[in-house]
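Notes to accompany the following structure.
The values are calculated or read from the model by the stated rules, or taken from the named source; none is laboratory data. Computed from a prediction, not measured in an experiment: that's the story for all the values here. Note: ideal-geometry Cβ built from the backbone for every residue, glycine included; neighbour counts use all protein chains shown.
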Amino acid sequence: MITDDLLALNRQLCEQLFRVPFIPHIPTALRPPALVFPLYRKGTARYSEQEARFLFCHLLHTLDLPYYYSVETPTDQTYQFTGDYPLSAQSDVSLYGWSGNDLERMANVEFKALQPRQNQIDKDISKLVSEPVPGNWFHTLKNADSGTLSALFRKLTEAFARLPRIATARNASILFCFCVIEKRWACIRQFQHSGSAESFSRHAADFFSLSLRVSRGRIHTDAETPWTIIQPD
């Protein structure tokens, strides 16, 4: 099932990202070719969504999953984010299955990093909800505490509140994963809902809630949290 495969991919992707070193701290056991995080001129590590996208596509091969994939895939729907009339947008990565006669799109994946602007989040949430296949939102963060996630979650909640009415007529199934590189932890949860714009907004407000604290380098959450927490031993 595509949602199960996306969950497995996201888990593995987090584990892979946790192990990516940054220049010049390259482990002696690491041999090329291997992915590394580059540095800004001032010497700090540069994190972006591109590392996650490259590793995601690589995992499709290494896990031997039965999907074809494309990058920068034109959307089925049209969107008017700017300009005078609606145009086709693009999904970062799309997965396809073979139906016996043709390739059938199975999922769209959007990759984000750090703290995007509200309009960037609005665009990608609108695409994931409006397109007629399950979605996956994979977000790379350099570091994060409750304040960092709260700010990001507010933007995502607002994006759902701003959905155009035509988008709310569809069922929404989106796997959200937030991967925190330097603290080496991640949280994953499946968003599933259908209904009016108002109910989407209410559901998103409840969905994007996670109480956490950091103690001795470990992330601690409420015992009853619906989020799955990933932390390497």
Condition first: modelled with pLDDT under 95 and either of a type in the set (Lys, Arg) or on the phi > 0 side of the Ramachandran plot (or both). Now tell me which residues in region 155-192 satisfy that. Arg162, Arg165, Arg170, Lys183, Arg184
Scanning region 187-213 for residues that are closer than 17 Å to Leu156 by Cα and in a strand (DSSP E or B) gives Cys187, Ile188, Arg189, Gln190, Phe191, Gln192, His193
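Could you please let me know if Ala8 is at pLDDT 95 or above and surrounded by fewer than 16 Cβ atoms within 10 Å (Cβ to Cβ)?
Yes.
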Taking region 12-27 as the region of interest, how many residues are part of a loop (DSSP other than H, G, I, E, B) and either buried (at least 16 other Cβ atoms within 10 Å of the Cβ) or not hydrophobic (A, V, I, L, M, F, W, C) (or both)? 5
Count of residues meeting criterion [surrounded by 13 or more Cβ atoms within 10 Å (Cβ to Cβ) and more than 20 Å from the chain's Cα centre (by Cα)] in region 37-58: 2
Can you tell me which residue within region 111-133, out of those that are of a type in the set (Lys, Arg) and touching a strand residue (DSSP E or B) at 6+ places or on another chain (Cβ under 8 Å), is nearest to Cys177 (Cα to Cα)? Lys112
With the structure loaded, tell me whether Lys112 is closer than 26 Å to His58 by Cα and in contact with a His (Cβ under 9 Å, 6 or more places away or on another chain) or whether it fails that test. yes
Which condition does Trp98 not pass, out of (1) more than 12 Å from the chain's Cα centre (by Cα); (2) buried (at least 19 other Cβ atoms within 10 Å of the Cβ); (3) closer than 23 Å to Leu60 by Cα, if it passes all the others? (2)
